[in-house]
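Written out below as structure tokens is the structure these notes cover.
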Amino acid sequence: MAQQTPMAKSESTSDTVTLVDNATGKRFELPVLGGSEGPRVIDIRSLYGETGMFTYDPGFTSTASCDSQITFIDGDDGILRHRGYPIEDLAENCDFLEVAHMLLFGELPDRATYEKFAHDITYHTMVHEQLLYFYRGFRRDAHPMAIMVGVVGALSAFYHDSTDISDPHQCMVASYRLIAKMPTIAAMAFKYPMGQPFMYPRNDLSYAENFLYMTFAVPAEEYHISPVLARAMERILILHADHEQNASTSTVRLAGSSAANPFACIAAGIASLWGPAHGGANEAVLDMLTEIGSKDQIGEFINRAKDKDDPFRLMGFGHRVYKNYDPRAAVLRKSAHEVLDELGVKDEPLLELALELERIALEDDYFVEKKLFPNVDFYSGIILRAMGFPNSMFTVLFALARTVGWVAQWNEMIQDPTQRIGRPRQLYTGETKRDFVPMDQR
Ligand code: CMC
């Protein structure tokens, strides 16, 4: 099991850029690095040592925080590839564990490798029985993402034998455990608020089928797993599996850079994903569509989204990297129709509303000029709702799928010999030194 992930490596080019300090007239040469695709990168690692200056980039809009070989995005052309494979091909042809293997180890598995990998993951699906009591500490009305943050963080207290990150075998066991147990933990977060009994995993089922079974089955009845739903779930998991250095993945890497254990790092990623600007947007899209209510209200909400004095934003629209249609949204848009047709849901009003909202927004000058297109969260909620998930579970599904990406990125980071603790600097704008004033004189 102690396979190593391929090592990321950037290439030095012969290019440099020259920085001129107009205050002193001094010139500094900075090397330029090239990846296999994508923009060239100015290597500023020596900048502070040589110039005494930092760079300033809140939100990291122009800063590469690491080398990575896992995922490539070209936001202008709407391209997303994992290990070189276009996301559309993966979503069409693979199951989730094939993609998981490729993200973790660099290659799509052959049949024998796939079977071994699926077996190894499958045999980690159960959680420690004591973990059941952990759930009972939550209120029944707890948001399932709150449960996820707590329970995944708590795994470090249950699996001590896979928290030593200096041992590659333990790292891989922790990685397999996280990928294998996340569906079980997520399904339990679904069951708990309803007071339904937890369902133990079934190792004869595929990853997606097993998750649907643990979520929707009850012990009193036989549960028939719809192949259409299982395929739709598989596709949703693949589309959310990784997305290079987004907020939650960067959170996982930053937490891991201090050598924190993998369970704690993934819990940190879940916390970051929860926000409505990130993974929480899929829940917010459905809330927004429900609030809009009917097609004749769309104009009013579009106007609100454009109004700088109104904090309202069109949820599921816009992306830091994509300035074109998010390729994942394109797949899900198509999938939404297929799933609703197969489920016999005719004329789902929220899908009709979403399509109309998209049409109007994409013709509006504000959205055109700012290059705001639907993102992955715009259509996923409609599919998940049709499958029977409450809105509060949508982001949990995102976390479940993204776990493999987080784990792959975390492994890549800890195997990188140049890796150091992440420690951004700051532009200090507070008070300069001043005299202390005793309380009775303030
Ligand atoms: N509705 C209205 N205006 C928007 C929207 C939107 N959804 N998104 C961006 N803008 C405007 C924004 O007001 C700004 O205008 P101006 O230049 O006049 O100040 C401009 O477009 C650029 O936006 P930004 O906030 O500077 O861009 P960002 O890269 O910092 O934020 C974002 C990206 C995804 C957080 C943002 O587009 C947003 O809040 N979208 C809605 C939430 C959402 O759907 N999030 C899911 C992201 S995809 C899934 C994931 O990977 O998590």
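Every number in this text was worked out from the coordinates using simple rules, so none of it is lab data. The shown structure was predicted, so the numbers you read here are calculated from the model rather than taken from an experiment. Every residue, glycine as well, gets a Cβ built from its backbone with ideal geometry; the counts of neighbours run over all protein chains shown.
Between Gly280 and Gly275, the built amide H atoms are under 5 Å apart, and every one of these is 5 or more places off in sequence or on another chain. Straight-line reach from Lys371: taking Cα to Cα under 24 Å and skipping same-chain neighbours fewer than 8 places apart, the lysines in range are Lys295, Lys306, Lys308, Lys323, Lys334. A cut-off of 5 Å between modelled amide H atoms, ignoring neighbours fewer than 5 places along the same chain, links Phe317 with Asn375. Cross-link reach is defined here as a Cα-Cα straight distance under 21 Å, omitting same-chain residues fewer than 8 places apart; for Lys191 the lysines meeting it are Lys181.
Taking Cα centroids, how far is region 247-297 from region 391-405 in Å? Distance between centres, Cα-based: 9 Å. Net charge in the neighbourhood of Pro219 (other residues with Cβ under 15 Å of its Cβ; Lys, Arg +1, Asp, Glu -1) is 0.
Find out how many positive minus negative residues lie around Lys306, taking Lys and Arg as positive, Asp and Glu as negative, among other residues whose Cβ is under 14 Å from that of Lys306.
Working: positive: Arg304, Lys308, Arg313, Lys370; negative: Glu300, Asp307, Asp309, Asp310, Glu363, Asp364, Asp365, Glu369.
Charge balance near Lys306 sits at -4.
Could you work out how far the C-alpha centroid of region 324-373 sits from that of region 193-213, in angstrom? If we compute the Cα centre of each part, the gap is 30 Å.
Couplings 3J(HN,Hα) of region 97-105, computed from phi: 5, 4, 5, 4, 4, 5, 5, 6, 10 Hz, in residue order, whole Hz [Karplus 6.51 cos²θ - 1.76 cosθ + 1.60, θ = phi - 60°; x for Gly and Pro].
The overall shape of region 298-349 is oblate: from the C-alpha gyration tensor, with semi-axes ordered a ≥ b ≥ c, the ratio a/c is 1.5 or greater and a/b is no larger than b/c.
When the chain is treated as a GNM, springs tying every alpha-carbon pair under 10 Å, which of Ser392, Ser68, Ser166 comes out with the largest mean-square fluctuation? Looking only at Ser392, Ser68, Ser166, the biggest GNM fluctuation is shown by Ser166. Which residue, Met393, Met126, Met53, tops the fluctuation ranking in a GNM of the chain built on C-alpha contacts under 10 Å? In the Gaussian network model the winner is Met53.
Other residues whose C-beta falls under 13 angstrom from the C-beta of Tyr114 contribute a net charge of -4, scoring Lys and Arg +1 and Asp and Glu -1. Computed 3J(HN,Hα) for region 119-131, one whole-Hz value per residue from the Karplus formula 6.51 cos²θ - 1.76 cosθ + 1.60 where θ = phi - 60°, is 4, 5, 5, 4, 7, 10, 6, 6, 10, 3, 4, 5, 5, glycine and proline marked x.
In order along region 233-239, phi translates into HN-Hα couplings of 5, 4, 5, 4, 5, 4, 5 Hz, rounded to whole numbers, per the Karplus curve 6.51 cos²θ - 1.76 cosθ + 1.60 with θ = phi - 60° and x for Gly and Pro.
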